[in-house]
2 protein chains.
Amino acid sequence: MGRPGPRASPTKIMTQPSRRDLANALRFLAIDAVQAANSGHPGMPMGMADIAEVLWRDHHRHNPANPKWQNRDRFILSNGHGSMLQYGLLHLAGYDLSIDDLKAFRQFESRTPGHPENFMTCGVETTTGPLGQGLANAVGMALAEKLLARRFNREGFDVVDHRTWVFMGDGCLMEGVSHEVASLAGTWKLNKLVAFWDDNSISIDGNVQGWFTDDTPARFEAYGWTVVRNVNGHDPKEIETAIQTALKSEKPVLICCRTTIGFGSPNKAGKESSHGAPLGKDEIALTREGLEWKYAPFEIPAEIASAWNAREAGAKHEADWQALFDAYAQAHPELAAEYSRRMAGELPQGFAGEADAYIAKLQEDGPVVASRKASQMAIEAFAPHLPELVGGSADLAHSNLTLWSGSKDANGDDANANYIYFGVREFGMTAISNGMTLHGGFIPYDATFLVFSDYARNAVRMSALMGAHAVHVYTHDSIGLGEDGPTHQPIEHLASLRYIPNNDVWRPCDAVESAVSWRAAIERKDGPSCLVFSRQNLAHQPRDGEQLRNIARGGYVLKDSAGAPELILIATGSEVDLAMQAAAQLGEGVRVVSMPSTDVFDRQDGAYRDAVLPDACRKRVAIEAGTADFWRKYVGLDGAVVGMHGYGSSAPADVLFRHFGFTVDAVVQAARALG
Amino acid sequence: MGRPGPRASPTKIMTQPSRRDLANALRFLAIDAVQAANSGHPGMPMGMADIAEVLWRDHHRHNPANPKWQNRDRFILSNGHGSMLQYGLLHLAGYDLSIDDLKAFRQFESRTPGHPENFMTCGVETTTGPLGQGLANAVGMALAEKLLARRFNREGFDVVDHRTWVFMGDGCLMEGVSHEVASLAGTWKLNKLVAFWDDNSISIDGNVQGWFTDDTPARFEAYGWTVVRNVNGHDPKEIETAIQTALKSEKPVLICCRTTIGFGSPNKAGKESSHGAPLGKDEIALTREGLEWKYAPFEIPAEIASAWNAREAGAKHEADWQALFDAYAQAHPELAAEYSRRMAGELPQGFAGEADAYIAKLQEDGPVVASRKASQMAIEAFAPHLPELVGGSADLAHSNLTLWSGSKDANGDDANANYIYFGVREFGMTAISNGMTLHGGFIPYDATFLVFSDYARNAVRMSALMGAHAVHVYTHDSIGLGEDGPTHQPIEHLASLRYIPNNDVWRPCDAVESAVSWRAAIERKDGPSCLVFSRQNLAHQPRDGEQLRNIARGGYVLKDSAGAPELILIATGSEVDLAMQAAAQLGEGVRVVSMPSTDVFDRQDGAYRDAVLPDACRKRVAIEAGTADFWRKYVGLDGAVVGMHGYGSSAPADVLFRHFGFTVDAVVQAARALG
């Protein structure tokens, strides 16, 4: 298939492709796919191809035939705009990603979307593009590996033993989240994490000298990383030497690779013009000439394809591991079964029964506690059955109430470590959680004040987009936070978290709903849950068995009217008790609907939804100490909302609830004003 | 008033209070106010009091009688939970903040809220509490000072010449935003920025060794800062020496102060228990004893009050500056007038007329361009009249189209510098904008893709909470972004930005609305505006004079029905033209409402709103390529929404618009389905 040409060296290529030839295969897959799509980013793949070649062909342990092999190395493209580099690697290595898939780059429903999406493409470990978060996910994966190894490995049985490789660019390093997670990786001594910095001096606006003058190697040394400086990112020998250093490090490793963006393009190499647009037909022709690449677009000569193909090596990697694991299962059957259960994402047998019993008992006992306390009680009840439940708080452990009696610091030596002190790093924390759940073996939770979900917001969105099983715990859910004032009082956060697609937000009204929300978050496998809890005590609500079961449907009739409802009060969280008290004053025609999760309620069938909120009853009042407008979806133009219309204020909570109109009287008045 | 006691040294106190005595005044104001409120953070004020004493009494140039004196030094408490330190300083220095104000700490509508709020308390430069952002605001202020000095100072007339002092704690340094802005401050060589790190080894969860092991001095040196290491934060001489070093630096300065949180508390000093809760009566008594503070709560002996009072010195500072400025005004009358105009936040005379003319001409010309291009055209039209319009993009200049023909890099020597290359730092960029507008002299704008407003979200909220005049420009406003895929396609962002109180969001439908939105953002002084623009071309819409004027009301009838409307189509941005085309098919009874800003529309009087959306007409269809549910507010339970219900996808934009149902047919069908 290799066709001779005036400058080619067909014999050499036919017999033994050079490393540069192999890297050029990546370059031209990227160049040609971007050109075909008339959209995309050729510069990064052209710049990092030589690094990728050394890493993937000589070090990356994976099995293209089984992208889910549990002990594979993880490869993360944090500079996700260079997605064609990853697609080229996956294709050449022998993953289920054909040349036709590459030709469909950036086309509707193709397996080669604009940025790597783990739900679209096998072999893609996480979805990247939003800069910095790939590195953060990788830190989560490396932490997961470390904790699993500590828990499951035994003398002679390193069944958990893999690396996490990261490619990242200047953009990732400018983003604040890189600071948060690199700091934690250093503290945690994640020595199996190796990041390659594509140090090409170019970002979209041009040469970074005008806006990025950090001494990045010194910065990472300050985090406690091993830094390999001044590696020529186009010299395989230097790259190999750097990786050898990395393999011996007892700390996370940054390999600083000087590269040329758009390497090989005579007129665009080293320039931002190669970053985010096709090179163009003429420049591609010149690049082919310059790099002596004689092949048509999407044509890979057999000997190059063969040199790249990793299926045989991958099968052996996995077989070797499987043999080890089988022996381990013989020697340590319980550990092996537990490891397999956790990696499969299955809950322990009996969990559902334990949860049922706990929730039923809570309903009977009726504790009057803050829902953040009820959350801690739920963790205390569930976590002993769930060693995979691992998490922590962004330096608010005693406010978020995330610590429980069995908490053991992950930054120590305990084999059962399950608690993470994230420090004041909400964004990094959340993206690390995403990485842990993507790795497998964990149901991670993270926690902060609800208002500071803002800091983490895009990581919450990414968990929802990826359908990642993560639990985001947010306490201090309203003006009920009190004296800390409007900077700390969430208003729009409930509504705007609910608007993130595939994100289940829960705001429970008492200890029972709190426990149900935790259970839902644990059992939900195809996306994240945000559990939103109060600072202040909440009354206990009475329920019969059906009501208790219906909590899990997101919304249910907590107190029914005599006959068809004349008026429906809809409330969440701390405002449910207000609704119950108002209903008592408003008479028998009033129904109270508790709506802990609008997201879950909206997924119920139409018959159930209509049974709870019959279309015929338009006298509806929604009550929530958050953005009022959100509730128009349920009360329409003719209903009323007792909600917030602006910021809170610094004062004791009870003063604020009165001032902002969250009183029984105000609810009664709003209802009566409907006529 | 100083009462003798067994261990006191009344003579010494009566004649010449020691520096420690003076610092103790701050400590006890904090201790006693927190105790009185039964809520708050005494540990930080007790730890940083000695630093504050040296800084405020010997270096901070300000005038308590005129907190708005333009050339004052700016003092920023980035660790805002220590608010009582700032209130104590303001009170003792002689600001309009009485001892009764301090006694009302954290009470409703007091001038001493839980965290410093610049809209509640004179002398507070910015609102802090959300960690890291105070430092970011300070970087913006220091940049503002530098740019104004370059523009206005003349030989012998350094009329702009002040410092920006920052107090910050471990929490600020853990937050990612500290990385973004410290990096920029280093690149920009903001040598008048001096930050004091309260290095007390304690954060809320305890000793930071478990989660914060950065070599912070090395990290800041990597950013290009001058770092003064190992300063004993309780030794005034060492603090003084450090400040002297800072005054000579040609780079921003970090002074690393080792301190003891809760200094002086026998049982809580050095412990997290002093951080966020009152010390308690007994411990306070012990602390009084240990620090030999013989005074009752809120009692400040006269000689200590006198030593702190800065009114005389402040009056002199301002008078000296005023004399200089008067002479400057003689020598450079135009510059002085321009400086005064800009610092007063007044637009140039004639701006309104220029804007009117530009907008009228656009309506006549009817260019068909992407609204991001229309945004650039508006900048091009307005910026020559507005030297205070200074901003840039987070490394997306050529996508956001924020550069214009008069752009001059702020990181250079040009006296008319007006363009900022922020690098890939959305959060830091936005918080820096907030700092610039709070400083005065600028209308800052910042820009990124709409989806990455997520990264900046809490800074957008802070600009809205503070009522800060900033302009946040967001392009690539929908699935119309196309091939980059769902990580880059905003869905919930429009709705959730609109839900931030006091944040005006605009999504214009053509070049004319784009220009009007820019004008509104420029003219709005009491809060931020988010201007949301398309990647793709948008049709021009016809308007008469009244319609043209009504754009500024946020929503208006773009095409009216014959007679009272039978059906109303409400749309924004790229979907307005769809609505217009659908209306043409649906017949004469259809009204089309263009709603570029729901926030502004909602502020109009009821008569206007009802005239645009008459209550009687309930057949309403809203069309927006964003979260559908948001529009229930306008269409109620009986209307329909053509909107997004999940994530987008990677494909060319036209494919996506068809796939997700943004077609004339779909709108027509949705309308007809209403019956």
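Read the figures in this text as sums done on the coordinates, not as results from a lab. None of these values were measured; they are calculated from a predicted model. Counting neighbours? That spans all protein chains shown, and the Cβs are built from the backbone with ideal geometry, glycine included.
Values computed for the structure shown
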item: Residues whose placed amide H lies under 5 Å from that of A:Val166, excluding near-sequence neighbours; result: A:Ile76, A:Val194, A:Ala195, A:Phe196
item: Built amide H within the under 5 Å cut-off of A:Leu538, gap 5+; result: A:Val369, A:Ala370, A:Ser371
item: Charge dipole of the range B:53-156 about the Cα centre (unit charges at C-beta), most positive-ward option of B:Tyr87, B:Ile99, B:His62; result: B:His62
item: Label geometry 7 Å along the beta-carbon vector: A:Asp215 inter-copy distances in nm; result: 1.0
item: Global geometry of the range B:448-577, whether rounded, prolate or oblate, following the gyration tensor of its Cα atoms and the 1.5 cut on a/c; result: oblate
item: The protein assembly as shown - share of DSSP beta bridges that are antiparallel (%, nearest 5); result: 15
item: Exposed trypsin sites (Lys or Arg not before Pro) absent - longest run of chain A, DSSP non-H/G/I/E/B, at most 12 other C-beta within 10 Å; result: A:69-675
item: Sites matching GluC sites (Glu not before Pro) across the range B:196-256 that sit in DSSP coil, with at most 10 neighbouring C-beta atoms within 10 Å; result: B:Glu250
item: C-alpha long axis of helix A:351-365 to longest principal axis of chain A, angle in °; result: 30
item: Local electrostatic count at B:Pro266 - Lys and Arg +1, Asp and Glu -1, tallied over other residues with Cβ under 12 Å; result: 0
item: For the range B:128-279: Kirkwood Rh in Å [reciprocal of mean 1/r, alpha carbons]; result: 16.3
item: Summed side-chain charge close to B:Ser393 - residues other than B:Ser393 whose Cβ falls under 13 Å, Lys, Arg +1, Asp, Glu -1; result: -3
item: For the range A:471-532, alpha-carbon Rg over 2.2 N^0.38 Å; result: 1.17
item: Teacher prompt: A:Gly589 distances to equivalent labels in other copies, 7 Å Cα→Cβ, nm; result: 3.2
item: Cα Rg, Dmax (largest Cα-Cα span) when computed across the protein assembly as shown, Å; result: 31.1, 102
item: Rounded to whole Hz, the Karplus (6.51, -1.76, 1.60) HN-Hα couplings of the range A:620-629, x for glycine and proline; result: 9, 10, 9, 10, 7, 7, x, 3, 5, 4
item: Projected area, mean over directions - the range B:612-657, Cα convex hull, nm²; result: 3.9
item: Value at 222 nm in deg cm²/dmol, rounded to 500, when DSSP H runs of n ≥ 4 in the protein assembly as shown each add -39,500 (n - 2.57); result: -13000 deg cm²/dmol
item: Simple Cβ-charge dipole of the protein assembly as shown, Lys/Arg +1 and Asp/Glu -1, about Cα centre, in debye nearest 20; result: 500
item: Rounded to 5, percent antiparallel among DSSP beta bridges of chain A; result: 15
item: Cβ-vector label at 7 Å, B:Gln244, separations to other copies in nm; result: 5.3
item: The range A:185-263: C-alpha gyration tensor shape, a/c 1.5 cut-off, then a/b vs b/c; result: oblate
item: Whole-angstrom gap from the range B:488-536 to the range A:395-422, using each part's C-alpha centre; result: 42
item: Anchor B:Lys373: aspartates and glutamates whose Cα lies under 12 Å away (excluding residues fewer than 8 positions away in-chain); result: B:Asp510
item: At q = 0.20 Å⁻¹, base-10 log of I(q)/I(0) for the range A:280-382 (Debye sum, equal scatterers on each alpha carbon); result: -1.07
item: Calculated P(r) tail over 16 Å for the range A:122-188, as whole % of Cα pairs; result: 52
item: Distance from the range B:293-356 to the range A:255-323 (C-alpha centre basis), Å; result: 61
item: Nearest-ten-degree value, helix A:511-523 long axis tilted from longest Cα axis of chain A; result: 20
item: Convex hull volume per residue for chain A, taking Cα atoms only, in Å³; result: 160
item: Alpha-carbon spread of the range A:30-106, three principal axes, descending order, Å; result: 37, 24, 18
item: Rounded Å value of the spacing that divides the Cα centres of the range B:91-107 and the range A:35-102; result: 62
